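Here, each number is a calculation from the coordinates, and none is a lab measurement. As the structure is a prediction and not an experimental result, all values here were calculated from the model. Here the Cβ is made from the backbone with ideal geometry for all residues, glycine too, and neighbour counts use every protein chain on show.
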Amino acid sequence: MGKLPEISPYVIEKINKSFTAQTMMETLGAKLALIEKGCVVIEAPILNSSLQQQGFAHAGLTFSIGDSAAGYSALTLLPENHEVLTSEMKINLLAPGEGDALIARGRVIRPGRRLMVVQSDVFAVKDGQERHIALLTGTMVPVDLSRS
């Protein structure tokens, strides 16, 4: 399979502005680490305010960055006048989120005009080593803003 065409600077700026507007991501300390055609990576520290009762990263942190990484991945493949909304998202928690940070790597599995199937793998980083802790699979709905 050939390399996808480059993503437009407008779409990169749009994703950065959208991400910055998400106060949830700010609360979690999350940052955009990579934006490519069909792929977005989000990193977040495991803060004391993001822990569950046993001291691991809360599943809500895992889900939040995984969902956003998948959604922004879908947005990279859409025309400039589009947004996306999550229609459904399933999470499989594979291991405890233990370490210093989480990394969510979102990607598009199947693009479409009405539905886009997306996926995110979330990894916990501890002592420089990554451990796969969650797999999210979902559906994004493209929204044409010019029809609003």
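In the set (1) surrounded by 12 or more Cβ atoms within 10 Å (Cβ to Cβ); (2) in contact (Cβ under 8 Å) with a residue 40 or more places away in the chain; (3) within 19 Å of ASP144 (Cα to Cα); (4) hydrophobic (A, V, I, L, M, F, W, C), the condition left unmet by LEU85 is number (1). Taken over region 45-95, the criterion of being of a type in the set (Ser, Thr, Tyr), assigned to a helix (DSSP H, G or I) and within 22 Å of PRO9 (Cβ to Cβ) is satisfied by SER68, TYR72, SER73. Scanning region 1-41 for residues being closer than 15 Å to GLU83 by Cα, among the hydrophobic types (A, V, I, L, M, F, W, C) and out of contact with any strand residue (DSSP E or B) (no Cβ under 6 Å at 6 or more places or on another chain) gives a total of 2.
Checked against (1) farther than 30 Å from PRO9 by Cα; (2) of a type outside the set (Phe, Trp, Tyr); (3) without any contact (Cβ under 8 Å) to a residue 60 or more places away in the chain, THR139 meets all criteria but (1). If you check LEU77, LEU93 for being farther than 23 Å from THR23 by Cβ, of a type outside the set (Phe, Trp, Tyr), out of contact with any Phe, Trp or Tyr (no Cβ under 8 Å at 6 or more places or on another chain) and surrounded by fewer than 17 Cβ atoms within 10 Å (Cβ to Cβ), only one passes: LEU93. Filtering region 42-79 to residues that are of a type in the set (S, T, N, Q) and in contact with a strand residue (DSSP E or B) (Cβ under 7 Å, 6 or more places away or on another chain) leaves SER50, THR62, SER68, SER73, THR76. For beta carbons closer than 7 Å, sequence separation of 6+ or different chains, a first residue in region 11-28 that is hydrophobic (A, V, I, L, M, F, W, C) and a second that is surrounded by 13 or more Cβ atoms within 10 Å (Cβ to Cβ) and outside any helix (DSSP H, G or I), the qualifying pairs are VAL11/THR76; ILE12/ILE35; ILE15/ILE35; PHE19/LEU32; LEU28/ALA44. From the list VAL122, VAL40, the one residue that fits, being in contact (Cβ under 8 Å) with a residue 40 or more places away in the chain, surrounded by 20 or more Cβ atoms within 10 Å (Cβ to Cβ), of a type in the set (A, V, I, L, M) and more than 20 Å from ALA21 (Cβ to Cβ), is VAL122. Just one residue in the set ALA101, ALA70, ALA95, ALA74 is closer than 11 Å to SER120 by Cα and not polar (S, T, N, Q); that residue is ALA70.
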